[in-house]
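*Asks:* Input: one structure, supplied below.
The values are calculated or read from the model by the stated rules, or taken from the named source; none is laboratory data. Computed from a prediction, not measured in an experiment: that's the story for all the values here. Backbone-built Cβ (ideal geometry, glycine too); neighbour counts: all protein chains shown. For accessibility, only protein heavy atoms count, side chains too; no ligands or nucleic acids. Shrake-Rupley method; radii C 1.70, N 1.55, O 1.52, S 1.80 Å.
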Amino acid sequence: MTYQTPIITNSSMTITDLKTGQKATLLNLGSDSSIHLKLLSLGLLPGDQISILNRVPFKGPISIKHGKTNYFALRHKEASSIEVEIVKG
Amino acid sequence: MNTEVIEDQAKSLNAAPSERSKVLLVGFPNAGKSTLFNLLTGGNRKISNYSGITVDSAIGDFSSNQDSGQRRVELVDLPGIYNLNPTSQDEGVTLNSLVNMSSGPEGDLILAVIDWHRLEASLTLVVSLIDLFGPHKVLCVINKDDEKELTIEERLNLEEQLGTKILPISAISTDQSVIDHFIREQLAIKKTLNKDVDPRKKILTISSQALSYVPHLTSYDGHIQIHVAADDNEVTHLINQKHQQVRNILNHVKGPDLQPSQLSEKIDKITLHPLFGLPIFLGIFYFIFHSIYTWAGPVMDLSEELVAKLGEVIGQTLPPGMLHDLLVDGIIGGVGGVVVFLPQIMILFFLLSLLEQSGYISRAAIITDRIMSFFGLGGKAFLPYMSGFACAIPGIMAARTIPDHKERMATILTLPLITCSARLPVYILLIGTFVPDYTVMGIFNSRALSFFFLYFLGSFMALIIAKVLRLSFFKGPTGNFIIDLPHYQRPHFRIALKQSWFKGKTFLKKAGTVILGLSILIWLLSTFPTPSESKLENMTEAQQASYTLEYSALGRMGKTIEPIIKPLGMDWKIGVGLLVSFGARELFVSAMGTIYSLGEVDEESETLREKLKTEVDSEGKLVFDLATAWSILIFFVFSLQCTSTLAILKKETGGWKYPILGFSYMLVLAYVGSFLTFNLLS
């Protein structure tokens, strides 16, 4: 059985580094398998585009748009384990 | 297969109507399984627009089974799952039912419910189901396709690629008979396919963590081989593959219109606003309490008058005697005192249903998550707490969605502190009687604010105790919080009215059975034993009534505990009310109704509120003042006076240890809280 090799990049940017309204590409879904599974079940895959919609103050949850019609939210802590790359333009 | 064959099959089915088939509803949380269940069976499963409402399975007969010659089909509603690797106890229930369903041409059928707005992710689950059980065991309905956006070409293309039949529906507009027919047709087809069944054993790979939620499957030996993955990567990799597969299948499907999601996005800009989010959240809940008072007020006054009038009419018609007293004091005084709260209960559940259907609850979970996580609870604890506002029992059951055992225990043990609807009659009675009605800061109503405060106090204490538990008995990491945000939708008044009517019926049923029975018992205990005639000589009528009550079994019980509750500002009559309220909270109101009817000497009809206001002790001092009223209120905020909650705690934790622990700590809180309140206010 072959496993997908994680995408290794030089950037160590995570979702928490993104500003409201910013678009980014998911590089990986983190190493915690429970977070990984949950994101998969919402239909997120590495390579997908997301954008930040709202951020609750004091490091509260971040709500995110995925694809054209899907929305989800996650805690700051979980968001900090997910690496992304900003989409230019 | 052509339609003639299907019709033939249908005929042969009609020939043997005694056979029975089971159809399992499987799909994502909040995909509309329970809506479909209610539609097809006429059942009354709770429906809302957020995940995790269904945590146990339910079985119901198809309504059409009653039609002559129809085969008997049963529908099983199961908790929502995302994939075949369960991550909590409720998801385990679903996997267990799936693996153990009967196979073969006569066996069960899976009805996969897909949310049109989450088509891609949900189809991954369908693909997994098809891989494991074969295409003929799985049927698909695509729910929430309200605007018929899936074209016929797209549907046919999907059917061909998946190998199963697909029916796009809208739970709002699609006729029940269409779905009914769709299912019966597939049952008929499946019966002819006994030779097509793939004889090879299929493998289901789950993680070792997942296996802990389906313990029965360790010894399972059936048509599926359970394989426990060496590490979690193996499982995530397999699920990832399925997602890729579905993306390829969906290449030609345009997908849902963007407009509703854009609207949702705009609403979220306001409801999740960094500054306004929290005030909006508080405002919505204040509005609910406000409406309970302002809207239900006139209706309640009317029903109170009616109950009082009824007592007066019966009191004048019947000759004096035991029957007269039982009816007027025991039943009308006791049950009538509780029944008048029906309008409030119905308004509360009507508004909560509108809110739940709208999709706001998930946003409320986000707004409050900072607070929840501070107290050591994950986002998944919010929804059980939310259910707890209706009743602790569904809340405690909803805690099954919390994966971590310790976090689940901390949630379950603090849930009874959340203000449930059984406290409502006590709150309304005391606040409505003793808190003066005035406007605070120009817009708020003093009574609605008192109400809001009591709800807030209960929830706040629940969180504090949860934190204490999370730092001691149930120490451990907080589970993660990743939540799907459904699109906002316009709530349906019809569903809200149905929910509200259903809750009202349940409330009346409880009043007519448990409360009625216990009210009669309270009356008996407060009437017997009777003092001898000689004792009552030379007493005024009022003195006689009060002496008889003190002499009764209940009076003696009250007198016995009086020294204990005296520091709380309560006399023995209130003590009696507290004692009986440990059976069910509403009994406090019913006991007060009975006791004050007994003490009543004139025949004039008075409402319970008027009686409480004017009650004086032996020295002529008012028994109830603001301090006593608040002392009682605080006692009710904290104490666990509900036998049904104790029973469900025992069931969910597997022993008496936790129910006893919960009961004790809440009793201590109630006593100390009341003591402090009374002494601060008087």
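*Asks:* Are there helices (runs of 4 or more DSSP H) fully within the stretch B:498-591 with at least 3 residues that are in contact with a Pro (Cβ under 9 Å, 6 or more places away or on another chain) and more than 17 Å from residue B:639 (Cβ to Cβ)? List them.
*Replies:* Details: elements: B:516-527, B:533-536, B:541-551, B:553-565, B:572-581.
Ranges flagged: B:541-551.
*Asks:* Which of the residues belonging to the stretch A:32-87 are at the interface with chain B (Cβ under 7 Å from one of its Cβ atoms), basic (Lys, Arg) and either assigned to a loop (DSSP other than H, G, I, E, B) or free of Cβ contacts under 8 Å to residues at least 12 places away in the same chain (or both)?
*Replies:* Those that are at the interface with chain B (Cβ under 7 Å from one of its Cβ atoms), basic (Lys, Arg) and either assigned to a loop (DSSP other than H, G, I, E, B) or free of Cβ contacts under 8 Å to residues at least 12 places away in the same chain (or both): A:38, A:68, A:75.
*Asks:* Of the residues B:366, B:361, B:371, only one is touching a residue at least 60 places away in the same chain (Cβ under 8 Å), open to solvent by 40 Å² or more (accessible area, probe 1.4 Å) and either under 30 Å from residue B:464 (Cβ atoms) or not aromatic (Phe, Trp, Tyr) (or both); which? Walk me through how you get there before you give the answer.
*Replies:* Working: B:366 fails: open to solvent by 40 Å² or more (accessible area, probe 1.4 Å); B:361 fails: open to solvent by 40 Å² or more (accessible area, probe 1.4 Å).
Result: B:371 is the single residue among B:366, B:361, B:371 that is touching a residue at least 60 places away in the same chain (Cβ under 8 Å), open to solvent by 40 Å² or more (accessible area, probe 1.4 Å) and either under 30 Å from residue B:464 (Cβ atoms) or not aromatic (Phe, Trp, Tyr) (or both).
*Asks:* Just checking, which of B:120, B:106 is facing another protein chain (nearest Cβ under 10 Å) and of a type in the set (Asp, Glu)?
*Replies:* Details: B:106 fails: facing another protein chain (nearest Cβ under 10 Å).
Just one listed residue meets the conditions, B:120.
*Asks:* Which condition does residue B:180 not pass, out of (1) under 32 Å from the mean Cα position of the chain (by Cα); (2) charged (D, E, K, R); (3) within 14 Å of another protein chain (Cβ to nearest Cβ), if it passes all the others?
*Replies:* (3)
*Asks:* Consider the stretch B:211-233. How many of its residues are part of a helix (DSSP H, G or I) and either away from chain A (no Cβ under 12 Å) or modelled with pLDDT of 90 or more (or both)?
*Replies:* Step one: list which residues in the stretch B:211-233 are part of a helix (DSSP H, G or I), which gives B:211, B:215-219, B:232-233.
With either away from chain A (no Cβ under 12 Å) or modelled with pLDDT of 90 or more (or both) added as a condition, the list becomes B:211, B:215-219.
Total satisfying the criteria: 6.
*Asks:* Also: Identify, please: which residue in the stretch B:238-281 is buried (at least 17 other Cβ atoms within 10 Å of the Cβ) and outside any helix (DSSP H, G or I) and is, among those, nearest to the other protein chains (Cβ to nearest Cβ)?
*Replies:* So, considering only residues that are buried (at least 17 other Cβ atoms within 10 Å of the Cβ) and outside any helix (DSSP H, G or I), the one nearest to the other protein chains (Cβ to nearest Cβ) is B:272.
*Asks:* Same structure, new question: For a quick check of your reading: which helices (runs of 4 or more DSSP H) sit entirely within the stretch B:344-439 and have at least 3 residues that are closer than 29 Å to residue B:632 by Cα and aliphatic (A, V, I, L, M)? Before the answer, list the steps.
*Replies:* Numbers: elements: B:360-374, B:382-388, B:392-398, B:405-414, B:424-434.
The qualifying helices (runs of 4 or more DSSP H) are B:392-398, B:405-414, B:424-434.
*Asks:* Moving on to the next point. Being modelled with pLDDT under 90, in a helix (DSSP H, G or I) and under 26 Å from residue B:361 (Cβ atoms), is that true of even one residue in the stretch B:472-493?
*Replies:* No; the residues of the stretch B:472-493 include none that is modelled with pLDDT under 90, in a helix (DSSP H, G or I) and under 26 Å from residue B:361 (Cβ atoms).
Rundown of residues vs (1) of a type in the set (Gly, Ala, Ser); (2) surrounded by 23 or more Cβ atoms within 10 Å (Cβ to Cβ); (3) within 14 Å of chain A (Cβ to nearest Cβ), yes/no style:
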residue	(1), (2), (3)
B:397	no, no, no
B:403	no, no, yes
B:413	no, yes, no
B:429	no, yes, no
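*Asks:* If the requirement is being open to solvent by 80 Å² or more (accessible area, probe 1.4 Å) and either in contact (Cβ under 8 Å) with a residue 24 or more places away in the chain or within 30 Å of residue B:589 (Cα to Cα) (or both), which of these qualifies: B:535, B:510, B:505?
*Replies:* Details: B:535 fails: either in contact (Cβ under 8 Å) with a residue 24 or more places away in the chain or within 30 Å of residue B:589 (Cα to Cα) (or both); B:510 fails: open to solvent by 80 Å² or more (accessible area, probe 1.4 Å).
Going through B:535, B:510, B:505 in turn, just one is open to solvent by 80 Å² or more (accessible area, probe 1.4 Å) and either in contact (Cβ under 8 Å) with a residue 24 or more places away in the chain or within 30 Å of residue B:589 (Cα to Cα) (or both): B:505.
*Asks:* Tell me yes or no: at least one residue of the stretch B:257-274 is in contact (Cβ under 8 Å) with a residue 24 or more places away in the chain, assigned by TED's automatic domain parsing to the domain that holds residue B:145 and hydrophobic (A, V, I, L, M, F, W, C).
*Replies:* no
*Asks:* Right, something else. Can you tell me how many residues within the stretch B:472-518 are charged (D, E, K, R), out of contact with any helix residue (DSSP H, G or I) (no Cβ under 6 Å at 6 or more places or on another chain) and farther than 18 Å from residue B:381 by Cα? Walk me through how you get there before you give the answer.
*Replies:* The initial filter retains those residues of the stretch B:472-518 that are charged (D, E, K, R), namely B:475, B:484, B:490, B:494, B:498, B:503, B:505, B:509-510.
Keeping just the survivors that are out of contact with any helix residue (DSSP H, G or I) (no Cβ under 6 Å at 6 or more places or on another chain) gives B:475, B:484, B:490, B:494, B:498, B:505, B:509-510.
Those left that are additionally farther than 18 Å from residue B:381 by Cα: B:490, B:494, B:498, B:505, B:509-510.
Total satisfying the criteria: 6.
*Asks:* Counting only residues that are at pLDDT below 70 and surrounded by fewer than 23 Cβ atoms within 10 Å (Cβ to Cβ), give me the helices (runs of 4 or more DSSP H) lying completely in the stretch B:1-115 with at least 2 of them.
*Replies:* Numbers: elements: B:3-15, B:33-41, B:89-99.
Helices (runs of 4 or more DSSP H) meeting the threshold: B:3-15.
*Asks:* Additional query: From B:189, B:183, B:166, B:152, which residue is farther than 22 Å from residue B:124 by Cβ, open to solvent by less than 40 Å² (accessible area, probe 1.4 Å), modelled with pLDDT of 90 or more and assigned by TED's automatic domain parsing to the domain that holds residue B:20?
*Replies:* On the way: B:189 fails: modelled with pLDDT of 90 or more; B:166 fails: farther than 22 Å from residue B:124 by Cβ; B:152 fails: open to solvent by less than 40 Å² (accessible area, probe 1.4 Å).
Within the list B:189, B:183, B:166, B:152, the selection yields B:183.
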